[in-house]
Amino acid sequence: MTHDHDHDHVDAGPPLSDLQLRVRALESLLVDKGLVDPAALDSLIDTYETKVGPRNGARVVARAWVDPAYKQRLLENASEAIAELGYIGRQGEDMVVLENTPKVHNMVVCTLCSCYPWPVLGLPPVWYKAAPFRSRAVIDPRGVLDEFGVAVPADVEVRVWDSTAELRYLVLPERPAGTEGFSEEQLAELVTRDSMIGVGKIKAPGRKTPR
Amino acid sequence: MNGVHDMGGMHGLGPVEPEPNEPVFHHDWERKAFALTMAAGFLGKWNIDMGRYAREVMPGPEYLTTSYYEHWLYGLELLLVEKGLVTSEEIRTKRPTAPAPEGLRVLRPDDVPRRLRAVRAARMEDDVPAKFKAGDGVVARNINPTGHTRLPRYARGKRGVIDRDHGVFIYPDAHAAGLGKQPQHCYSVRFTARELWGADALARDVIYIDCFEPYLTPA
């Protein structure tokens, strides 16, 4: 479906101005009462809109692909290894990295709310927070993966990680074939957000996607 | 609580709909709902577990027909009133009538980077003995509390194996109820898809759930 019409899609929010009005009223109430500083609101928004996002996680993945010692540290103590690249803080205090292999495919969900590793992936996409993914990821992971275009062969173990506590999970996807000789930066370019949630495969470079 | 937020395993909630090139926020009010919730949270009048519970108590039909940041807004208004920062009258009339409590540390723009980069949250240094170790068989308790819990319904009464001990963390069930941190070990527990969903599930597939020690009994 297209997203030209917000009212088609509950989780993109209705186009009504009542929400805009309600939030504006709440904001001015809290500002008038001295409970929030509008400049701090701008700073919070700017942080998550422009500074923190999945390119951070992509750099972690690319580093792990080129540096076996880093990958080892990442799998043993993810929080510290990720902090080496400067990605720390809220909703990423206690990280766990899950390595995909030819025999294991990892996928992350939060069935109870929408827990997500903010410092490495930014704020979660709408589908991750919405009922269809949260309900089905644990009972029909292969069906969900199929809808994302990820076919997992029957001899590969699917591991679903439900983020029910304060651990935050990042999937380390497999390095695609045909990337020998790629620089760390070039590799980071290939890494998608979805691959780090475990619902996307990374396309091998240099090949046109068949349509 | 057995609310609609606890969705794992439900059918009929529609297809997953990824949006290509999705923006971080879809509407300006979402930006503000996010930032107001974060800034108000930093006032320190409630913790993250109370924050989650405040969204869970949104009536089920409303929860299912509203968007994520509407859940946040619901929780924010509830907590602001419950903690005495604003009155429901003020929210209704959109006008301040009473002064805010004194002594609050309001989040300033200069504090934002430091507050967001704090590396300590729920992990505790307390020396709490662990009842379980990796490889131990466990059964998730069949509990149905009306308060906050992080044990999803689909795991209750099911048998799993401890995969790893994550260490000691704030116990959300107590923390959300204002009963202190009550540090507990939190374990990653491996459940087979067959144990959770029956014989039709693939024998190979598994689900890992992070479980606090009080959720578990020895198998």
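The values are calculated or read from the model by the stated rules, or taken from the named source; none is laboratory data. This is a predicted model, so every value here is computed, not measured. Cβ sites come from the backbone with ideal geometry, for glycine too, and all protein chains shown count toward neighbours.
Of everything listed in (1) touching a residue at least 40 places away in the same chain (Cβ under 8 Å); (2) over 30 Å from residue A:37 (Cβ atoms); (3) of a type outside the set (Ser, Thr, Tyr); (4) more than 7 Å from chain A (Cβ to nearest Cβ), the single unmet condition for residue B:9 is (4).
All of A:112, A:85, A:123 fail the test of being farther than 30 Å from residue B:27 by Cβ and either of a type outside the set (Gly, Ala, Ser) or in contact with a helix residue (DSSP H, G or I) (Cβ under 7 Å, 6 or more places away or on another chain) (or both), apart from A:85.
For the structure I just gave you, tell me whether residue B:18 is facing chain A (nearest Cβ under 7 Å), in a loop (DSSP other than H, G, I, E, B) and out of contact with any Asp or Glu (no Cβ under 6 Å at 6 or more places or on another chain). So residue B:18 fits the description; yes. Taken together, A:132, A:117, A:153 contain a single residue that is more than 9 Å from chain B (Cβ to nearest Cβ), modelled with pLDDT of 95 or more and surrounded by fewer than 22 Cβ atoms within 10 Å (Cβ to Cβ), which is A:153. Residues of region B:78-92 that are assigned to a helix (DSSP H, G or I) and more than 17 Å from the chain's Cα centre (by Cα): B:80, B:81, B:82, B:88, B:89, B:90, B:91, B:92. When the test is whether a residue is touching a Pro at 6+ places or on another chain (Cβ under 7 Å), under 22 Å from residue A:76 (Cβ atoms), of a type outside the set (Asp, Glu) and at pLDDT 95 or above, residue B:168 passes it. Sort out which residues of region B:132-166 are farther than 13 Å from residue B:190 by Cα and buried (at least 17 other Cβ atoms within 10 Å of the Cβ), and write them in order of number. B:132, B:148, B:149, B:150, B:151, B:152, B:153, B:154, B:166 - these are the residues of region B:132-166 that are farther than 13 Å from residue B:190 by Cα and buried (at least 17 other Cβ atoms within 10 Å of the Cβ). Restricting attention to region A:135-150, the residues that are of a type in the set (A, V, I, L, M) and at the interface with chain B (Cβ under 9 Å from one of its Cβ atoms) add up to 4.
Output yes when any residue across region B:172-187 is among the charged types (D, E, K, R), under 19 Å from residue B:132 (Cβ atoms), out of contact with any helix residue (DSSP H, G or I) (no Cβ under 7 Å at 6 or more places or on another chain) and surrounded by fewer than 18 Cβ atoms within 10 Å (Cβ to Cβ), and no when none is. No, region B:172-187 has no match at all.
Counting residues in region B:34-49 that are more than 7 Å from chain A (Cβ to nearest Cβ), part of a helix (DSSP H, G or I) and of a type in the set (D, E, K, R) gives one or more.
Of the residues examined, residue A:23 is one that is touching a Phe, Trp or Tyr at 6+ places or on another chain (Cβ under 7 Å), farther than 30 Å from residue A:156 by Cβ and among the hydrophobic types (A, V, I, L, M, F, W, C). Looking at region A:139-181, which of its residues are of a type in the set (Phe, Trp, Tyr) and closer than 10 Å to residue A:199 by Cα? A:148 - this is the single residue of region A:139-181 that is of a type in the set (Phe, Trp, Tyr) and closer than 10 Å to residue A:199 by Cα. Taken over region B:26-44, the criterion of being without any contact (Cβ under 8 Å) to a residue 24 or more places away in the chain and farther than 17 Å from residue B:78 by Cα is satisfied by B:26, B:27, B:28, B:31. If you go through region B:112-123 and keep only what is free of Cβ contacts under 8 Å to residues at least 24 places away in the same chain, at the interface with another protein chain (Cβ under 7 Å from one of its Cβ atoms), of a type outside the set (Val, Ile, Thr) and over 14 Å from residue B:37 (Cα atoms), you end up with B:117, B:118, B:120.
In the set (1) free of Cβ contacts under 8 Å to residues at least 40 places away in the same chain; (2) surrounded by 15 or more Cβ atoms within 10 Å (Cβ to Cβ), the condition left unmet by residue B:102 is number (2).
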